[in-house]
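Okay, structure first, notes after.
The values are calculated or read from the model by the stated rules, or taken from the named source; none is laboratory data. All of these numbers come straight from a predicted model, not from anything done at the bench. Methodologically, a virtual Cβ is constructed for each residue, glycine included, from the backbone with ideal geometry; neighbour enumeration extends over all protein chains shown.
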Amino acid sequence: MEGRPATNGGNNLSTGSVRVEKAHEIVERLAVRRRFYRGGFFIFAVIVVSAASAVIGITPSAWVYMLAWVGSSLLGTAAILWWLYLARGTSLYADAGRELLGGK
């Protein structure tokens, strides 16, 4: 085709090494993000459990409500953080694909 360089299907050595380099970069970025999310979730969990413990200490009959509140808070936050992690990973792979294809 005109206007397109012939690269033998994109399998030359430089393209392969760039792909491997990009893959390693994405894995490292996702690892950093995963550690950040885990740390934030741990801090959030400690705060929620501490608040629930304080309320249960003041009003022992509220333990059922506090258990539901803690469970829903932690599950909801975990679901949102998981979704953010997946969305960011998809975004990183899409950016790398555009860059490799020359669209960036």
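The table that follows gives values for the structure above.
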| item | result |
| --- | --- |
| Cβ-Cβ under 8 Å pairs, at least 6 apart or on other chains, the range 14-34 side closer than 17 Å to A94 by Cβ, far side hydroxyl-bearing (S, T, Y) | I26/Y93; L30/Y85; R33/Y85 |
| Unique match (being surrounded by 14 or more Cβ atoms within 10 Å (Cβ to Cβ) and aromatic (F, W, Y)) among F41, F36 | F41 |
| Tally, over the range 50-61, of residues that are of a type outside the set (V, I, T) and in contact with a helix residue (DSSP H, G or I) (Cβ under 6 Å, 6 or more places away or on another chain) | 1 |
| Residue among V49, V20 that alone is surrounded by 13 or more Cβ atoms within 10 Å (Cβ to Cβ), among the β-branched types (V, I, T) and either modelled with pLDDT of 90 or more or in a helix (DSSP H, G or I) (or both) | V49 |
| Conditions (1) more than 22 Å from R19 (Cβ to Cβ); (2) modelled with pLDDT under 90; number of the one not met by W83 | (2) |
| Where I56 falls short, out of the listed (1) surrounded by 13 or more Cβ atoms within 10 Å (Cβ to Cβ); (2) under 22 Å from the mean Cα position of the chain (by Cα) | (2) |
